[in-house]
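Undergrad: Shown below is the structure under consideration.
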Amino acid sequence: MAAGQAETPPETGDATLVAQALAGRQTGYSGLMQRHREAVFRLVRNHLPDEADALDVTQECFVSAFAALHRYDPARPFRGWLLRIALNKCRDWARRRAVRAFFTFARPLDDALNLADSAPDPERALSGSEEAARLRTAIAALPAQLKAPLLLCAIEGLSQDETAEVLEISRKAVETRIYRARQKLSAALEG
């Protein structure tokens, strides 16, 4: 923890921290970051193939959330609101990546030789366990509409009702999508 920075008491609620942040107090922003950064990063990391990109998108998420804090409804859970922003940032990243990929292939062949290899370096590839890598790959291969509810419920611990609110779909749709995601994961991991 940085010198002069007070830790947020655990009993301070999100609504209080939001009010502090809106009043311009750094403790509000810091408290919200401390409380939610790991959950946001986990969600983003499960959507993006590269950890560095996940860190960038996580940072973008908090920048956007803090810029839009005046639109947050304190009657609703802050984490759900924040995770929705994170999902939107992941979708934006995927769209930007698709556009970059298109233009990468449109470059002259000589220019394409200078592009960096996006594959992980050997040290990073060896750092994770083989099973975790298989699971991450299987999750990444899921369609976005199945991946988001699975990650929000299974990884982030949101209830199906909270997930339905974040994704703006019915609870039954969340339940069905999680079931289908688990079926696809089982099939992918068996093969």
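Undergrad: Report the extension gain between L189 and A154 in nm, rounded to one decimal, defined as 0.36 nm multiplied by the number of residues separating them, less their alpha carbon distance.
TA: 10.9 nm
Undergrad: Assigning unit charges at the beta carbon (Lys, Arg +1; Asp, Glu -1) and nothing else, what dipole magnitude in debye, to the nearest 20, does region 129-191 show about its Cα centre? Don't skip to the answer; put the middle values down first.
TA: Details: 9 positive and 9 negative charges, 56 e Å.
It comes to approximately 280 debye.
Undergrad: Treat the count of other C-beta atoms within 10 Å as a stand-in for reagent exposure and order V63, V40 from fewest to most.
TA: V63, V40
Undergrad: Could you check the spin-label model distance between A15 and D92? Points 7 Å from the Cα along Cα→Cβ, value in nm.
TA: My value for the distance between the label points is 2.9 nm.
Undergrad: Per the Cauchy relation, a quarter of the hull surface: what is the mean projected area of the convex hull of the alpha carbons in region 60-99, in nm²?
TA: The directionally averaged projection comes out at 2.8 nm².
Undergrad: Now for a separate question. What Kirkwood hydrodynamic radius, in Å, does region 11-110 give when the mean of 1/r is taken over all pairs of distinct Cα atoms and then inverted?
TA: For region 11-110, inverting the mean 1/r across all distinct Cα pairs yields 14.7 Å.
Undergrad: Picking from W93, G28, A52, whose Cα lies most toward the positive end of the charge dipole for region 11-110 (charges on Cβ: Lys, Arg +1; Asp, Glu -1)?
TA: W93
Undergrad: To the nearest 20 Debye, how big is the dipole of region 11-110 about its Cα centre, given +1 on the beta carbon of each Lys and Arg and -1 on that of each Asp and Glu?
TA: In total the dipole reaches around 280 debye.
Undergrad: Just want to confirm a number: the relative contact order over region 129-191, from Cα pairs under 8 angstrom separated by 6+ residues, in percent.
TA: For region 129-191, the relative contact order is 40 percent.
Undergrad: Stretch R182-Q145 to full length: gain in nm at 0.36 nm per residue minus the Cα-Cα span?
TA: Values: separation 37, 0.36 × 37 = 13.32 nm, distance 1.28 nm.
Length gained, R182 through Q145: 12.0 nm.
Readers should treat all values here as calculations from the given coordinates under stated rules, not as data from a laboratory. Just so you know, these numbers come straight off a predicted model, no measurement behind them. Cβ atoms come from the backbone with ideal geometry, glycine included; neighbour counts cover every protein chain shown.
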